[in-house]
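Just so it is clear, none of the values below were taken in a lab; they were calculated from the coordinates. Source: prediction; values computed, not measured. Glycine also receives a Cβ, built like all others from the backbone with ideal geometry; neighbour counts cover every protein chain displayed.
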Amino acid sequence: MIIYDLICSEGHRFEGWFQDHEAFQEQLHRGMVECPVCGSRDVEQHLTTGGILRSRGGSPKDEGSRTEEGSKASLGELLHALRVTLEKHFEDVGTDFAKTALKMHYGLEEKRNIRGTTTEEEERILKEEGIPFIKVPFPAKEGDSEYH
Ligand SMILES: [Zn+2]
């Protein structure tokens, strides 16, 4: 049994229980995964978590034998899920990333989720300003004009 943290298009977070990763994918594609708060079927895995395996019944001695299954989702799948989430929820500001981050930091622009690219110099400035950002090592996919 695998538990995913899910989030709907309205931003409601909830847990979904699935037999395994494949069952999750299938149910998601069939629109069988539904937000318990608003009923939205526009649901996806929440960014911060991959699959988390918990043993049903909560007996600690079961943990060891079952955690093996938890690593089924490969790094590639996780990166893909992360990328899909990023592309959906983060505004692409391209090479204006540093500039936009600075403006948000100083309240000149509304705070929002952004993604984009920076130069090393810009990264240094962001660090000096204490602006948090994460770097995600996505290889540019073919025909992708967003990640030069
Ligand atoms: Zn919802």
Around E121 (Cβ within 12 Å, Cβ-to-Cβ, excluding E121; K/R +1, D/E -1) the net charge comes to -2
Exposure-ranked with fewest Cβ neighbours within 10 Å first, V136, V93, V33 stand as V136, V93, V33
HN-Hα couplings for the range 86-91 via Karplus (6.51, -1.76, 1.60; θ = phi - 60°), in whole Hz with x for Gly/Pro, come out as 4, 5, 7, 9, 10, 6
Once amide hydrogens are built 1.01 Å from N within the peptide plane, the residues lying 5 or more places from V43 or on another chain with amide H under 5 Å from its amide H are none
